[in-house]
1. Can you name the residue in the range 106-146 that is of a type in the set (Lys, Arg) and open to solvent by 60 Å² or more (accessible area, probe 1.4 Å) and is also farthest from residue 157 (Cα to Cα) among such residues?
2. Can you pull out the residues in the range 173-191 that are touching a residue at least 40 places away in the same chain (Cβ under 8 Å) and either open to solvent by 30 Å² or more (accessible area, probe 1.4 Å) or charged (D, E, K, R) (or both)?
3. Could you tell me whether residue 101 is open to solvent by 50 Å² or more (accessible area, probe 1.4 Å), at pLDDT 95 or above and either more than 30 Å from residue 226 (Cβ to Cβ) or of a type in the set (Asp, Glu) (or both)?
4. Would you check which residues across the range 122-144 are part of a helix (DSSP H, G or I) and over 20 Å from residue 169 (Cα atoms) and list them?
5. When you go through (1) assigned to a loop (DSSP other than H, G, I, E, B); (2) without any contact (Cβ under 8 Å) to a residue 24 or more places away in the chain one by one for residue 165, which number turns out not to apply?
6. On the basis of being of a type in the set (S, T, N, Q) and under 28 Å from residue 100 (Cα atoms), does residue 203 make the cut?
7. Which pairs have Cβ atoms under 8 Å, sit 6 or more apart or on different chains, and link a residue in the range 245-271 that is under 12 Å from residue 226 (Cβ atoms) to one that is at pLDDT 95 or above and in a loop (DSSP other than H, G, I, E, B)?
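The values are calculated or read from the model by the stated rules, or taken from the named source; none is laboratory data. Keep in mind that this is a model prediction, so the values were computed, not measured. Every residue, glycine among them, receives a Cβ derived from its backbone with ideal geometry; neighbour counts consider all protein chains shown. Each accessible area value is taken on the protein alone, full model and side chains, heavy atoms only, with ligands, DNA and RNA left out. Shrake-Rupley method; radii C 1.70, N 1.55, O 1.52, S 1.80 Å.
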Amino acid sequence: MDVKRRRGPKPEIDPAVVKEQERAKIEARTTEQWIDEGSVRGSARSATQRAGSSGRAPREAPELDPVITAQLNDALGAQRGARLSERLAQASEALDRERFDEAKRIATSIAKEAPGVAAAREVVGLANYRLGRYKQAAASLEIAHDLHENQEILPPLADCYRALERWSAVERVWLLIRESSPRHEILAEGRIVAAGALADRGNLSAAIEMMMPATKKTKSVKDHHLRQWYVLADFYDRLNDPIKARRWFATIAEIDPEYVDVQTRLRHIGR
């Protein structure tokens, strides 16, 4: 009481302002500043590397799709929506840079505040997928697709089901991919997952048959062609057909001699 008397009456404070300040403090404590020198992605996404330097300024997060920003504004108001748009862009950037825990943490907090925004669910699902948490990833990706159909998340969703040995679910998503007339690379990823599910169950002949559309001649070889040929070669190798396995590994090596471990596979077969 003595302290209060000396200080005088406290000024009135808007509760909404206090709440926003506390929320900003919490986010500041949980957000890590990552510094990089830009993307070094090659043709194989699994070979992505990160480069860091303490002498460079932090990379700015990419701008979010205006449609997603509008969804956040509608759900939370302009001020909070703008703030979470920035945060979701940071989460997307973290996912692209393979900082999966960071991406998941940020996107999870956004999904709690705006559960109807599919983009936040997608980031959570894809981060869990890359972390090998397939059950959690499938749950988030399912919700994301229910909220907003997105062909790009179907192959990783199918792969989650494959990891969980939910074979009928893999077949269902593969059918959905084919019926949606997606881009070639999405169709290729879906085919790889579906064929892999057959191979997982020991049906290599059916898996190879499913990969046959990938053997058609193409004027311009893209990364998704190489990926399919590699899978096909691997299936032939596992089926103890070294001639056909060598043929497809060699085809890849002619185009990209450093592709994944193709040189090692050729030596193992006996070039």
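1. We begin by selecting, within the range 106-146, every residue of a type in the set (Lys, Arg); these are 112, 121, 130, 133, 135.
Retained after the next criterion (residues that are open to solvent by 60 Å² or more (accessible area, probe 1.4 Å)): 112, 130, 133, 135.
Values: 112: 21, 130: 11, 133: 12, 135: 10 Å.
Only one residue fits best here, namely 112.
2. Pass one, the range 173-191, residues touching a residue at least 40 places away in the same chain (Cβ under 8 Å): 184, 188.
Hit for the range 173-191 is 184, nothing else.
3. Numbers: open to solvent by 50 Å² or more (accessible area, probe 1.4 Å): yes; at pLDDT 95 or above: yes; either more than 30 Å from residue 226 (Cβ to Cβ) or of a type in the set (Asp, Glu) (or both): yes.
Considered against the rule, which asks whether it is open to solvent by 50 Å² or more (accessible area, probe 1.4 Å), at pLDDT 95 or above and either more than 30 Å from residue 226 (Cβ to Cβ) or of a type in the set (Asp, Glu) (or both), residue 101 comes out as yes.
4. If we filter the range 122-144 for residues that are part of a helix (DSSP H, G or I), which is where we start, we get 122-130, 134-144.
Hits for the range 122-144 are 123, 124, 127.
5. Of (1) assigned to a loop (DSSP other than H, G, I, E, B); (2) without any contact (Cβ under 8 Å) to a residue 24 or more places away in the chain, only one is false for residue 165: (2).
6. Numbers: of a type in the set (S, T, N, Q): yes; under 28 Å from residue 100 (Cα atoms): no.
In short, no.
7. Pairs found: 252/259; 253/259; 255/221; 262/256.
Residue by residue, here is whether (1) aromatic (Phe, Trp, Tyr); (2) over 17 Å from the mean Cα position of the chain (by Cα); (3) under 17 Å from residue 64 (Cα atoms) holds:
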{"site": "83", "(1), (2), (3)": "no, yes, yes"}
{"site": "88", "(1), (2), (3)": "no, no, yes"}
{"site": "92", "(1), (2), (3)": "no, no, yes"}
{"site": "96", "(1), (2), (3)": "no, no, yes"}
{"site": "100", "(1), (2), (3)": "yes, no, no"}
{"site": "113", "(1), (2), (3)": "no, yes, no"}
{"site": "119", "(1), (2), (3)": "no, no, yes"}
